[in-house]
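The values are calculated or read from the model by the stated rules, or taken from the named source; none is laboratory data. Only a predicted model underlies this, so the values are computations on that prediction, with no experimental measurement involved. With ideal geometry, Cβ positions are generated from the backbone for all residues, glycine too; neighbour counts draw on all protein chains shown.
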Amino acid sequence: MNKGLSKLGLDVHVFVFNNDVFEDCYGVVPYIKEPEVCYRSKPRIGLAISHRSISNVRILSELNGREYSLVLYDESMRKLYSVDGRLKHLSDPLLPEVVIDSRALPHKLPEARYARLVIGSIAEDLELPPQVRVYGRITDFHGRPRKGYVQLVSPYGFPVGGAIVRVGEDGRYELYAPKAIYHHAFICDGGYGRNTLEFYGWNVPIEPPEFRLDARFDKIEIYRLSAMETPERTLMIHFVAWDIAYTSGILKTIYESKGGIDIKDICGLDILTPLRKSDVEVYLGEQKLEVRTMRKIEYSIKDYGVKCLTKAYLLEAKIPSSLPRGKYPLRLVAHTVINGVKEWGEAVLYDIRII
């Protein structure tokens, strides 16, 4: 097998997303970042070339603009599909440094098993990551099924596409996605920004043979969820909560007064969903944790091109001594009432290591 790029200290990733074809749009919500609430789906192929060490970064920049040829094969090495394209080097503070390209496919290729990438005189042969069944049920916080969409976005943080599927009337869904750790799962419906906000799953480990992802969404989104264990066997948990009744209300007011809205407009504003410690529940696996402290902090949004600070929550929760060491999903649930409106939201951060 050819391993020309591997010998240079680079890793090649090829992802085949066997998505259905659809485009469901629900109109413009001008005070959110998306120009239109749309869920678009096509079969896609994503190519990413990453570096194994800092000393190999220079090679990535040298690949920028280079033409490539990529061929997909089935189990018996029968040629299925080929694509020619041009590589793009991305160096963005919000992303891992990487060289990428992504293209729509004319149809699904579930039988694809191998790929050959050729860049000039350099060739790389590789086995594609296996397709993993992902399934589950989507509901509200009363157990009632919710229609909507499930998306797995950016394998290993590479912006080369993802898997997406519609959720059925009974709240159930099933899709197949390449094995990877996905930057996030996004689950919502056509009411995004007006009546509902999304569920987020972070660092989603899609591994064979299958992965179950059940989720609930309502009117609160929990963004930027991150956590670390302290030496005193507690968890420090950082998150941002935005909601329909409070946050979207402020954004809508800014938009209507200025005729537009920009990230600079929220600098110095506290648009966090007002939450008390008693409004938040934390779980490691199925174990509910004691929430000991919660307060607001500031963090920088410089990487979005704006030199200012904005607000987040920092929470400390106790890890029971009875909980064995291992990896656990961290689930954070928030609920409150604002102006008479009951609001709920949850997010999951996967593979928190407890020692």
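If you check residue 156 against the conditions, is it out of contact with any Ser or Thr (no Cβ under 9 Å at 6 or more places or on another chain) and of a type outside the set (A, V, I, L, M, F, W, C)? If you could, list the steps in order and put the result at the bottom.
On the way: out of contact with any Ser or Thr (no Cβ under 9 Å at 6 or more places or on another chain): no; of a type outside the set (A, V, I, L, M, F, W, C): yes.
No.
Taken over the stretch 9-36, residues that are at pLDDT 95 or above and aliphatic (A, V, I, L, M) amount to 5.
What residue, of 28, 57, 83, 12, is surrounded by 11 or more Cβ atoms within 10 Å (Cβ to Cβ) and out of contact with any strand residue (DSSP E or B) (no Cβ under 8 Å at 6 or more places or on another chain)? First the steps, then the outcome.
Values: 57 fails: out of contact with any strand residue (DSSP E or B) (no Cβ under 8 Å at 6 or more places or on another chain); 83 fails: out of contact with any strand residue (DSSP E or B) (no Cβ under 8 Å at 6 or more places or on another chain); 12 fails: out of contact with any strand residue (DSSP E or B) (no Cβ under 8 Å at 6 or more places or on another chain).
None of the others qualify; the one that does is 28.
Scanning the stretch 171-192 for residues that are small (Gly, Ala, Ser) and under 18 Å from the mean Cα position of the chain (by Cα) yields 177, 180, 185.
If only residues of the stretch 249-281 that are farther than 18 Å from residue 313 by Cβ and small (Gly, Ala, Ser) are counted, the one that is modelled with the highest pLDDT is 249. In the set 286, 298, 256, only one residue is under 21 Å from residue 353 (Cα atoms) and either touching a residue at least 12 places away in the same chain (Cβ under 8 Å) or among the acidic types (Asp, Glu) (or both); that residue is 286.
Of all residues in the stretch 131-177, those satisfying the criterion of being outside any strand (DSSP E or B) and without any contact (Cβ under 8 Å) to a residue 60 or more places away in the chain are 142, 143, 144, 147, 168, 169, 170, 171.
Does residue 337 satisfy the criteria of being in a strand (DSSP E or B) and without any contact (Cβ under 8 Å) to a residue 24 or more places away in the chain? Judged against the criteria, residue 337 is a match.
Working carefully through the options 168, 162, 157, find the one that is surrounded by fewer than 16 Cβ atoms within 10 Å (Cβ to Cβ), outside the structural domain of residue 72 (by TED's automatic domain parsing) and among the small types (Gly, Ala, Ser).
Details: 162 fails: surrounded by fewer than 16 Cβ atoms within 10 Å (Cβ to Cβ); 157 fails: surrounded by fewer than 16 Cβ atoms within 10 Å (Cβ to Cβ).
Among 168, 162, 157, only 168 is surrounded by fewer than 16 Cβ atoms within 10 Å (Cβ to Cβ), outside the structural domain of residue 72 (by TED's automatic domain parsing) and among the small types (Gly, Ala, Ser).
Checked against (1) in contact with a Lys or Arg (Cβ under 8 Å, 6 or more places away or on another chain); (2) at pLDDT below 95, residue 307 passes all but a single condition, namely (1). Among the residues of the stretch 15-25, those identified as within 30 Å of residue 251 (Cβ to Cβ) and either surrounded by 13 or more Cβ atoms within 10 Å (Cβ to Cβ) or in contact (Cβ under 8 Å) with a residue 40 or more places away in the chain (or both) are 22, 24. Quick check on the stretch 31-54: of everything there that is surrounded by 13 or more Cβ atoms within 10 Å (Cβ to Cβ) and assigned to a loop (DSSP other than H, G, I, E, B), which residue is farthest from the chain's Cα centre (by Cα)? The residue in question is 31.
When the strands (runs of 3 or more DSSP E) confined to the stretch 199-290 are screened for residues that are assigned by TED's automatic domain parsing to the domain that holds residue 317 and under 30 Å from residue 171 (Cβ atoms), those reaching at least 1 such residues are found at 220-229, 234-243, 280-284. Consider the stretch 239-253 and keep the residues that are in contact (Cβ under 8 Å) with a residue 60 or more places away in the chain and within 19 Å of residue 279 (Cβ to Cβ). The one that is surrounded by the most Cβ atoms within 10 Å (Cβ to Cβ) is 241. Residues in the stretch 86-135 that are buried (at least 17 other Cβ atoms within 10 Å of the Cβ) and at positive phi: 0 in all.
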